[in-house]
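The values are calculated or read from the model by the stated rules, or taken from the named source; none is laboratory data. Quantities reported herein were computed from a predicted structural model and do not represent experimental measurements. Neighbour counts are summed over all protein chains in view; Cβ atoms, including those assigned to glycine, are modelled from backbone coordinates with ideal geometry.
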Amino acid sequence: MKRFIWGLATLAAAGCSLVYTAAPAVTQLTVPVLPTSVPTVEATLAPPAVSNAEISPSPVPPTEAVFVAGLPDWGAAPELTNTVWLNTDQPLRLADLGGKVVLLDMWTFGCINCINVIPSLREWHQTYADQGLVIIGNHYPEFSYEHDLNNLRDALVRLDVPYVVAQDNDGATWRAYNNRYWPTLILIDKRGHIRYRHIGEGAYDVTEQAIQDLLAESA
């Protein structure tokens, strides 16, 4: 202690002054307080991986292929209202022929073009009748002698017409189908819709293909 006082006296004698420098301030840091407990995290386990080989697909019922003929659809065919029928025991109505393909032949027995078509109609009748083809000859007369029912009966025998023929003396069916020419062949599908029309002779292979296509269609 004496040495410290003596030192101060010596410094004072030497003309020195003491300067007191304060210690720098210390900044207080705030340290966050960690929670005492750690929140629980629920983990969801992913389902075990399944390979395609382990998956058994449900059986798919087989579907039948549906064939649709590439023919236009002109809508529902007018019903047949004829009252006189030949080569059949009863009148035919389209409403009763669902599921059948109907070939309607607009003809008259005095027309040479109509007569020339008959061999093909006869062949188609023999070939496709068991498969669902029904041929109906709608006889609309052009001349007075063709109106006579007995003359029509004789013509069916002479021309060897085996399919059904309806007499259409008043032209009701002729007009219902907006027909203007002998002969005209009209095909009606299993649903009763007009699908094909051919005027005159010829194109027999085309007409037969249309018959086959419509027979192959689903009802």
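Kindly evaluate Glu142 against the criterion of being under 12 Å from Leu71 (Cβ atoms), among the acidic types (Asp, Glu) and out of contact with any strand residue (DSSP E or B) (no Cβ under 8 Å at 6 or more places or on another chain). Show your work before the answer.
On the way: under 12 Å from Leu71 (Cβ atoms): no; among the acidic types (Asp, Glu): yes; out of contact with any strand residue (DSSP E or B) (no Cβ under 8 Å at 6 or more places or on another chain): yes.
Here the answer is no, as Glu142 does not meet what is asked.
Just to check your reading of the model, which residue among Leu159, Leu187 is of a type in the set (A, V, I, L, M) and touching a strand residue (DSSP E or B) at 6+ places or on another chain (Cβ under 7 Å)? Full working, then the answer.
Details: Leu159 fails: touching a strand residue (DSSP E or B) at 6+ places or on another chain (Cβ under 7 Å).
Checking each option against the conditions leaves just Leu187.
Can you tell me how many residues within region 62-109 are under 27 Å from His147 (Cβ atoms) and in contact with an Asp or Glu (Cβ under 8 Å, 6 or more places away or on another chain)?
Going through region 62-109 one residue at a time, the tally reaches 5.
Considering only residues that are under 28 Å from the mean Cα position of the chain (by Cα), in a loop (DSSP other than H, G, I, E, B) and either without any contact (Cβ under 8 Å) to a residue 24 or more places away in the chain or crowded, with 18+ Cβ neighbours inside 10 Å (or both), which ones fall in region 98-123?
Lys100
Hey, does region 62-69 have a residue that's among the hydroxyl-bearing types (Ser, Thr, Tyr), assigned to a loop (DSSP other than H, G, I, E, B), modelled with pLDDT of 95 or more and surrounded by fewer than 13 Cβ atoms within 10 Å (Cβ to Cβ)?
Of region 62-69, the ones among the hydroxyl-bearing types (Ser, Thr, Tyr) are 63.
With the extra rule that they be assigned to a loop (DSSP other than H, G, I, E, B), the set shrinks to 63.
Still in the list and also modelled with pLDDT of 95 or more: none.
Checking region 62-69: not a single residue is among the hydroxyl-bearing types (Ser, Thr, Tyr), assigned to a loop (DSSP other than H, G, I, E, B), modelled with pLDDT of 95 or more and surrounded by fewer than 13 Cβ atoms within 10 Å (Cβ to Cβ).
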